[in-house]
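The structure appears right after this line, and notes come after that.
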Amino acid sequence: MGSNASRPTSPPAAALGGRLMQLVGDRDAARFSCEISAVCADPHPTNGRPAYRDVLAWVVDAIVGVLIARLGAAGPGEKFILEFRSTAGGDVDVESLPPSERWMLRTVSAFLTQNPAEGRRLLTAAEHFDITLRAETLADAIIWLDFVLDVDLPDPPDVTTT
């Protein structure tokens, strides 16, 4: 249903993503920080922990899946356009966003606009961020997912079938 952001999600990546979501929901900042640090410190672990890319791909896939489920899929010849506005209603300049937020916007947009090659390229690029930017990006992704799950979006449009 989502973006199929990387490859089939590994159960450990999905479990860790779910645990991170639970920690955000519980407002357990200390454990959230500890878990984020652990996955970001070693992006390619050999100890059985899920890889950073896999966890990040799970979160991106979940965000895209929630948006599509809530708004409906783009029809033939249609595509999603993400538009961000400030709380005052003005346009948000994507280039003025912090790097982690700019990455999230571009990556989610790539999958929503059916450009999976660009989305995969951005996921690969995130693996090479320094540890601080990896942590900020994963934390922002989890917070975005929490937000889209809670935001009051309209019901999907009715679809006429024949």
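The values are calculated or read from the model by the stated rules, or taken from the named source; none is laboratory data. What you see is a predicted model, and the numbers here were worked out from it, not measured in a lab. Virtual Cβ from ideal backbone geometry, glycine too; neighbours counted across all protein chains shown. Surface accessibility is based on the protein's heavy atoms, side chains included, excluding ligands, DNA and RNA. Shrake-Rupley method; radii C 1.70, N 1.55, O 1.52, S 1.80 Å.
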- request: Using a 1.4 angstrom probe on heavy atoms only, work out the carbon and sulfur share of the accessible area of segment 1-109 in %.
  value: 55 percent
statement: Per residue, accessible area of the chain with a 1.4 Å probe, heavy atoms of protein chains only, in Å², comes to 57 Å²
Length-normalised contact order of segment 34-93 in % [C-alpha pairs under 8 Å, at least 6 apart]: 14 percent
statement: Candidate cut points under chymotrypsin sites (Phe, Trp or Tyr not before Pro) in segment 35-132, DSSP loop plus at most 10 other Cβ atoms within 10 Å of their own Cβ, are none
- prompt: Restricting attention to segment 53-151, which trypsin sites (Lys or Arg not before Pro) occupy a DSSP loop and are surrounded by at most 15 other Cβ atoms within 10 Å?
  reply: 79
task: With the Cα gyration tensor of segment 1-155 in hand, give its eigenvalues times 5 under a square root as the equivalent ellipsoid semi-axes, listed largest first in whole angstrom.
output: 24, 17, 16
- request: For segment 74-80, take each phi angle, set θ = phi - 60°, evaluate the Karplus expression 6.51 cos²θ - 1.76 cosθ + 1.60, and give the result in whole Hz per residue in order, putting x for glycine and proline.
  value: 5, x, x, x, 10, 8, 6
statement: Nearest-0.05 FRET efficiency for residue 96 and residue 124 at R0 = 35 Å, using Cβ-Cβ distance, is 0.90
Estimated 222 nm signal from helices in the chain, with DSSP H stretches of n ≥ 4 weighted -39500 (n - 2.57), rounded to 500: -19500 deg cm²/dmol
task: Count neighbours as other Cβ atoms within 10 Å of each site's Cβ, and list the GluC sites (Glu not before Pro) in segment 5-113 that are DSSP loop with at most 15 such neighbours.
output: 78, 83
- line: Length-normalised contact order of the chain, Cα under 8 Å, at least 6 apart, in percent, tallies to 33 percent
task: Pop out the Kirkwood hydrodynamic radius of segment 37-76 from its pairwise C-alpha distances, inverse of mean 1/r, in Å to one decimal.
output: 11.8 Å
field: Linear extension gain, residue 84 paired with residue 151, 0.36 nm per residue minus alpha-carbon span
entry: 22.7 nm
